[in-house]
Amino acid sequence: VQLQASGGGLVQAGGSLRLSCVASGSIFRIATMGWYRQAPGKQRELVAGISSGFSTNYADSVKGRFTISRDNAKNTVFLQMSSLKPDDTAVYYCNYHAGRLYDYWGQGTLVTVSS
């Protein structure tokens, strides 16, 4: 399974970005997809997840600001980020999970939010 994330960049506080992650070499529709982030000096944390049944969950810090979605026809998961804050600055990673032996990570895309 290969995951290609894109859409990161530099944005001012209050702005928006949309991240995309395309999965190849997998049965995308059966996987739980997630977006994680890792800020400098901090542990990687879950930002949002979406199950194969389209159930979603979010970190408290992003609820109401971020929206995760998926397009199974395009093997793609999205993260729409709005009202961005400097604390959202991190490398964002997408994750594919379809069981203990089927857990894969993308290469990460950097999001920088300036104040």
Report summary line: Over its alpha-carbon atoms, segment 1-109 yields an Rg and a Dmax in Å of 13.1, 39
Query raised in the report: How big is the gap, in Å, between the Cα center of segment 1-60 and the Cα center of segment 67-83?
Result: 8 Å
**Report entry** Computed magnitude of the charge dipole of segment 30-115 (debye, nearest 20; Cβ of K, R +1, Cβ of D, E -1)
**Finding:** 20 debye
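Quick note: the coordinates plus some simple rules give every number you see, no bench work behind them. These numbers come from a predicted model, not from an experiment. Note that each Cβ is placed from the backbone with ideal geometry, even for glycine, and that neighbours are counted across all protein chains shown.
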